[in-house]
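Nothing in this text is a laboratory measurement; each read-out follows from the coordinates by a stated rule. Computed from a predicted structure; not experimentally measured. Ideal geometry is used to build each Cβ from the backbone, glycine not excepted, and the neighbour counts take in all protein chains shown.
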Amino acid sequence: MNICEYCEYSFIKRGNLYKHQRTAKYCLKLQGKEPVNTVTHQCTYCDKTFSRTDILNRHREKCTAREIREKMCGEQNKLLVIIAQLSKTIENLSQNRQVAESPSSDENVIN
Ligand SMILES: [Zn+2]
Ligand SMILES: [Zn+2]
């Protein structure tokens, strides 16, 4: 017999005792633990929490917050490409101006 050291509940299987100590709310309370901290899995996109990872994974596949975030991410990437192109253009322009402003006529004067 496996007896829970916290609530003195007895179990035939040791596995059941471990499961009980991890999941039973009244027992976790006796252990001084919050049941919320032990068995929640939070969606990384929205703030929803789930007790099981497979449920979480299923949720994440159709999470609306994920769709919004991925869409925003796509828009952000497009913007980054535009910014990169712009900065390259600006670089080229300033280089061209430097060439144009280089005082070739002054050199002629010195020579
Ligand atoms: Zn217990
Ligand atoms: Zn979600």
Once both label points are put 7 Å beyond Cα along the C-beta direction, the Lys78-Thr53 separation in nm becomes 3.6 nm
Report the calculated FRET efficiency for Lys25 and Glu70 (r = Cβ-Cβ distance, R0 = 41 Å), to the nearest 0.05. 0.65
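With a sphere of radius 15 Å drawn around the Cβ of Ile68, what net charge do the other residues whose Cβ falls strictly inside it have (Lys, Arg +1; Asp, Glu -1)? Please report the intermediate quantities before stating the final value.
Numbers: positive: Lys48, Arg60, Lys62, Arg66, Arg69, Lys71; negative: Asp47, Glu61, Glu67, Glu70, Glu75.
Within the 15 Å Cβ shell, the charges total +1.
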